[in-house]
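S.K.: Next up is a structure, given as structure tokens.
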Amino acid sequence: DASQAPESAERASSVPKRPRGDASQAEKVYGGMSPPPEPLKSMPPGFGHGAMQDGEVIKEPLWKRVVEDTWLELRRAGALTSPQVPAAPAVGRGIRSPARPAETLSSEKPSGGKSRGFLGWRRGSKDASAKKGDWDDGEETIGEWLGHSGGGEDVPTNFRDAVLFNARMVGANSSWIEIVADNFGAIVAAAACLNDAHLELEANLLALRIHKGAAGKVHLNEFKLCLLASLRCLLPGSWTSGREQAWQAMWQALEDKLKACMDLPARYEQPVAQLIGQMETGKKRAIGKKAFAKLFEEIPDTENYFKSSNERLIMIVSKSLQMAADLYQDPAATIDNVHSLALRHIMMSAPPQYSEPLVRCIVTEVARRTQDPTAVAGVAWALAQIAATMARAVDEGSTPLIQAVIANDPKKVRKALGEYARKDRAQAAAA
């Protein structure tokens, strides 16, 4: 069906295509939203590294499909485009699709019906018998509420501004809520895919950003309140109790992972900074030599892959240790550097499968040269985030079009561009 082509193109940029199942379950559970997909027989390319065996079945929770559909609907409505948030995230940073013009939210109630309040608040009935200021079953829109409260702010028409508006309304800590809102596209993409490790990675990176960028106490439940209120407002015509349950499940999954890692950056930052900052150049060189010697011994094939000089190998390890310390000091800049390295790996067709064993060898050598187990754990945790981020960015960035361009094969380039609609080909080539 040609009418479904834009949706298919957008879905392909976020998570792999999955077969649909019987619609009855979704209609019962989520009020007629998208039907649940059938279980996958194998992990899609780029969503896991050896985590599943051939023939293994993974069942996708239904809320993942509903969350994905809702996010794509927001993108089609232009609610994810704002001056503060780039319309096209970088490789591996979120769902990517063409931006559309923003739609203005109406502040008038439809005749004979009800419109949801921005925060779910309810205003008194307009009946003459009702007292001014009473609150009952009548719901009011953002525009009406702003009118009654003085109308000092413009009505938000995009997701980020709506979340921050809600945070101010409820008196939440906006410093950390803004950080989550700025990175929420990547979080949704990770939550919607089938590999749970992606959501764990985004939670770890989010914990690092909050540690360095937020002020005051962080109450995770505050963002859920702002999130649901914003979604109700931005999708007043299609919001259902089923969607509410799906987004609650999504936030609960993220919150569980955040609770496990929120205190790690504060625990590891100083020990890692002292260890790396006080480490002499000779000790770093020794760690580099021993780490690669151990890697070549454990996995002989890696010696054919790392065909550089010893000085180059030592430099790789020294840079890795410094990036581990920098990740705690400036997570945003360090993650951007990791994505730049991932792009270089893509251009050089360098597979990332040896990152994990190399990290293990580096941590082993570091542990032999210090008596501080907290610092060793901090280095191991930081290097794990760096390696996982690079591996994911390489996997997601190695699209058929990019591979065809790198191979300098015009035939494959034309074939890869044929997968895009004509209106999207220029953007796909530029990306």
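A short reminder: the numbers here are calculations on the coordinates, not readings from a lab. Just so it is clear, the structure is predicted and the values come from calculations on it, not from any experiment. For neighbour counting, all protein chains shown are included, and Cβ atoms are generated from backbone atoms with ideal geometry for every residue, glycine included.
S.K.: Take the stretch 195-291, drop everything but the C-alpha atoms, weight them equally and run the Debye formula without solvent; then report log10 I(q)/I(0) at 0.18, 0.19 Å⁻¹ to two decimals.
M.R.: -0.95, -1.01
S.K.: A further question on this structure: Based on the inverse mean of 1/r over its pairs of different Cα atoms, what is the Kirkwood hydrodynamic radius of the stretch 304-361, in Å?
M.R.: Every distinct Cα pair counted, the radius reaches 12.6 Å.
S.K.: Right, here's the next one. Name the shape class, rounded, prolate or oblate, that the alpha-carbon gyration tensor gives for the stretch 290-431, where a ≥ b ≥ c are the square roots of its eigenvalues, rounded holds for a/c under 1.5, and otherwise prolate holds if a/b is larger than b/c and oblate otherwise.
M.R.: Since a/c reaches 1.5 and a/b is larger than b/c, the shape of the stretch 290-431 is classed as prolate.
S.K.: Given the peptides 373-385, 309-321, arrange them by the average over their residues of other C-beta atoms within 10 Å, most packed first.
M.R.: Descending mean neighbour count gives 373-385, 309-321.
S.K.: Here's something else I'd like to know. Pop the C-beta distance of residue 170 and residue 73 into the FRET formula with R0 = 25 Å and round what comes out to the nearest 0.05.
M.R.: 0.50
S.K.: Using the beta-carbon distance between residue 367 and residue 241 and R0 = 45 Å, what value does 1/(1 + (r/R0)^6) give for FRET efficiency, to the nearest 0.05?
M.R.: On the way: r = 52 Å, r/R0 = 1.14.
In this case the efficiency is close to 0.30.
S.K.: Along the Cα→Cβ direction, 7 angstrom out, place labels at residue 422 and residue 403. What is the inter-label distance in nm?
M.R.: Computed distance between label sites residue 422 and residue 403 equals 2.8 nm.
S.K.: I've got another one for you. Once fully extended, how much extra length lies between residue 259 and residue 414, figured as 0.36 nm per residue of separation less the alpha-carbon to alpha-carbon distance?
M.R.: Computed gain between residue 259 and residue 414 is 51.1 nm.
S.K.: In Å³ and rounded to a whole number, note down the convex hull volume per residue for the Cα atoms of the stretch 256-349.
M.R.: Values: hull volume 13.3 nm³, N = 94.
Output value, Cα hull per residue: 141 Å³.
S.K.: Using a 7 Å offset from Cα along Cα-Cβ at residue 266, what residues in the stretch 175-207 end up with backbone N under 17 Å from the label point?
M.R.: Counting only backbone N, you get 175-177, 204-207.
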